[in-house]
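One structure, pasted below without further comment.
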Amino acid sequence: MSKRKSKERVTVQQKPGGGTAWVLIALLLLMGVGGAFAVFNYLGQEEPPPKKPEPKKVEIAVDWEKLKAKKARLLTVIPPLTDKEKMVHIPAGTFYMGAGRGEPFRDARPVHPVTLDEYWIDATEVTNAAFARFVKETGYVTVAEKKPDPKDFPNVPAEKLQPFSQVFKSPKSADVTMQSDVRYWWTAVYGACWFAPEGPDSTIENRWNHPVVHICYHDAVAYAKWAKKRLPTEAEWERAARGGLDQNPYAWGESLLIDDKWQCNIWQGNFPRDNDKLDGHYRTAPVGSFPANGFGLHDMAGNVWEWCADWYRPDYYKASPRNNPKGPKDSYDPNEPHLPKKVQRGGSFLCSKGFCTRYLPAGRGKGDLNSGASHIGFRCVSSTQPDQKEAR
């Protein structure tokens, strides 16, 4: 979800994933949305929404000192990590990577065999508690906590260039559907960041075991280096997600539900207005809330998008190496050919069977390296057996 300069033709499959039309949204929010319908061609709208969106006001009057104090206090009360936050061994082997028949992912074809060396991967997404330990030890400041560069926003008044990130908010209007402009459900919120996920008045104090969000690619890489790990390649991520099941549509098998029970945190109901919460969650869920897959991994579908190390190209599978592929040498997105992007995987709590099915193991997302949002996190891998106590 871009905080920087770009324009993107967004499709229904791309909207929930970290695409970089978000900078356009952010600019409109920061500068006011008068005349915003001139950008519909960039947003992929075949027709305008049934009703013009009301201009969204972004509150600038954040008490930044109070927010800073909240962070300092949270760093003094970090709870111990749970037993679920460990690394799991994935043995060397071959699997079939890519989207099979009936799956709508044109950028995940053709299906092809991939052989990988052994590796270890986090059993869960990196939690708020784990990320807080990193911040406490290093003093790291995420991109969402920093003021945007004026060079990227040359026409925005200086007083409006405050730290912000994109937060999902359900629209109230019955006229809003999944085909509507994404500005109906994404809002640039000043002060929104990893320890204040919905903005300055929110907190992670009762969400320590939830996945950390508002994480951009650079934030994820910094954490991985500190933890003596790295981000997974796209192939490593997909092999882990499939849990030893080849060419199954879901990370747990062939059916969305097992014994009428939801197996992941995604959207149930009329997106983006009504979440029936049949899985028990509206936003993120505590890691490990759902059964592990065949490799013992949790949340490889839904909850939050996860960064991978690979550059994104929609044509990469046609030429991908069959042994230990590490992604293409550069990035190319035909919607934004001049903006480098990294792969994101796993979907999020905003995916659904009817809206975005990229929570399936073959589904691919993409994101600008400087972009974070309220549904973007990560997990790490290691090429060598970790000291589990140290890795946690």
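The values are calculated or read from the model by the stated rules, or taken from the named source; none is laboratory data. None of the values given here were measured: they were computed from a predicted structure. Quick note on the areas: whole protein, heavy atoms, side chains included, nothing else; ligands and nucleic acids left out. Shrake-Rupley method; radii C 1.70, N 1.55, O 1.52, S 1.80 Å.
For residue 97, what residues show an amide H to amide H distance below 5 Å, using hydrogens built from the backbone and excluding near sequence neighbours?
Hits under the 5 Å cutoff: 112, 114.
In whole Hz, with x marking every Gly and Pro, tabulate ³J(HN,Hα) for segment 338-347 from phi via Karplus 6.51 cos²θ - 1.76 cosθ + 1.60, θ = phi - 60°.
9, 10, x, 9, 10, 6, 10, 9, x, x
Keeping the other protein chains in place, figure out the carbon and sulfur percent of the accessible area of segment 159-223, with a 1.4 Å probe.
Of all accessible area on segment 159-223, carbon and sulfur atoms account for 51 percent.
Check the straight Cα-Cα distances from residue 353 and name the aspartates and glutamates below 13 Å, setting aside those fewer than 8 residues away within the same chain.
103
Just to verify a number: what accessible area does residue 262 come out at with the full protein assembly present, 1.4 Å probe, Å² rounded to tens?
Solvent-accessible area, nearest 10 Å²: 50 Å².
Under the Karplus relation 6.51 cos²θ - 1.76 cosθ + 1.60, θ = phi - 60°, what is the ordered set of whole-Hz ³J(HN,Hα) values for segment 253-267, x standing for Gly and Pro?
Once rounded to whole Hz, the list reads x, 9, 10, 4, 10, 10, 6, 6, 10, 6, 9, 7, 8, 10, 8.
What part of the accessible area of segment 279-392, given as a whole %, is carbon or sulfur when the probe is 1.4 angstrom?
50
Still on this model: Probe of 1.4 angstrom, ligands and nucleic acids ignored: what's the accessible area per residue over segment 150-225, in square angstrom?
With the other protein chains kept in place, segment 150-225 gives 37 Å² per residue.
Further question: Among all the aspartates and glutamates, which ones have a C-alpha under 18 Å from residue 261's C-alpha, if same-chain residues fewer than 8 places away are not counted?
Correct list for residue 261: 276, 279, 299.
A 25 angstrom limit on the alpha carbon distance is what I want to check against. Which of 84/229; 228/318; 229/341; 225/326; 71/146; 71/326 exceed it?
Cα-Cα > 25 Å for 228/318; 71/326; rest within.
For segment 308-379, what does the accessible surface come to per residue with a 1.4 Å probe? Please give it in Å².
With all protein chains present, segment 308-379 gives 33 Å² per residue.
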